[in-house]
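These notes concern the structure reproduced below.
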Amino acid sequence: MTVIRATPSLHSIALRHPSPPFRSPVLSAPRRLAALALVLCSSTLVCCALPAFLVLIGAGSVLATALSWWPGLAVLSEQKTVVFGLAAAALLVAGVGLWRSARLPCPLDLQAAQRCRQRRRQAQALYALSCSLFALGSFAAFVLPLLAWR
């Protein structure tokens, strides 16, 4: 849509295109927090659950090869309390952000309201996946070693 406006100083007509409507970012703040929690919870799987699973199925040589390719994996495994602490903090912040954003109203426009509800569901699904990965990693890192020593 083109808007015609007259400029008084030049006594001419200038064509001006209106600015495009505001688009929200691809990842809203709650979705960013949920995605960050997902990344950090995935690191708990890489540091603790994956090595335990590989040893459990008898693939210790695969674990040794992975450690030779990426020696940082051993450092992550040694610092598992820090990794889990960061993941738990990210989960807590993401959970509070999701809880607060769930209380906010969606826009009145029908399409915008549908996108709002869809993004909220996506953020909640990301958060649920993050929580399940964190629980799986916690079980592999802290509970399985206790069961193995019995």
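The values are calculated or read from the model by the stated rules, or taken from the named source; none is laboratory data. Remember, it's a predicted structure, so these values are computed and weren't measured experimentally. A quick note on method: Cβ atoms are made from the backbone with ideal geometry, for glycine too, and the neighbour counts reach across all protein chains shown.
Test A102 against the stated conditions and say whether it is at pLDDT 90 or above, aliphatic (A, V, I, L, M), closer than 14 Å to P30 by Cα and under 20 Å from the mean Cα position of the chain (by Cα).
So A102 fails the test.
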Inset, instruction - Could you tell me whether the stretch 113-125 includes any residue that is in contact (Cβ under 8 Å) with a residue 40 or more places away in the chain and in contact with a helix residue (DSSP H, G or I) (Cβ under 6 Å, 6 or more places away or on another chain)? - result: yes
Legend entry - Criterion: outside any helix (DSSP H, G or I) and either modelled with pLDDT of 85 or more or under 25 Å from F139 (Cβ atoms) (or both) - qualifying residue of P51, P25, P18, P107: P107
Legend entry - Conditions (1) in a loop (DSSP other than H, G, I, E, B); (2) in contact with a Pro (Cβ under 6 Å, 6 or more places away or on another chain): number failed by A113: (1)
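From the list A49, A35, exactly one residue is of a type in the set (A, V, I, L, M), within 26 Å of L144 (Cβ to Cβ) and in contact (Cβ under 8 Å) with a residue 12 or more places away in the chain. Which is it?
From the options A49, A35, the qualifying one is A49.
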Inset, instruction - Report yes if some residue within the stretch 67-76 is surrounded by fewer than 11 Cβ atoms within 10 Å (Cβ to Cβ) and either within 24 Å of L147 (Cβ to Cβ) or in contact (Cβ under 8 Å) with a residue 24 or more places away in the chain (or both); otherwise report no. - result: no
Legend entry - Positions within the stretch 85-115 being surrounded by fewer than 12 Cβ atoms within 10 Å (Cβ to Cβ) and within 17 Å of A125 (Cβ to Cβ), in sequence order: W99, A102
Legend entry - Looking only at the stretch 68-94, and only at residues there that are aromatic (F, W, Y) and part of a helix (DSSP H, G or I), the one that is farthest from L40 (Cα to Cα): W69
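Against the definition (assigned to a helix (DSSP H, G or I) and surrounded by 12 or more Cβ atoms within 10 Å (Cβ to Cβ)), how does A141 come out, yes or no?
yes
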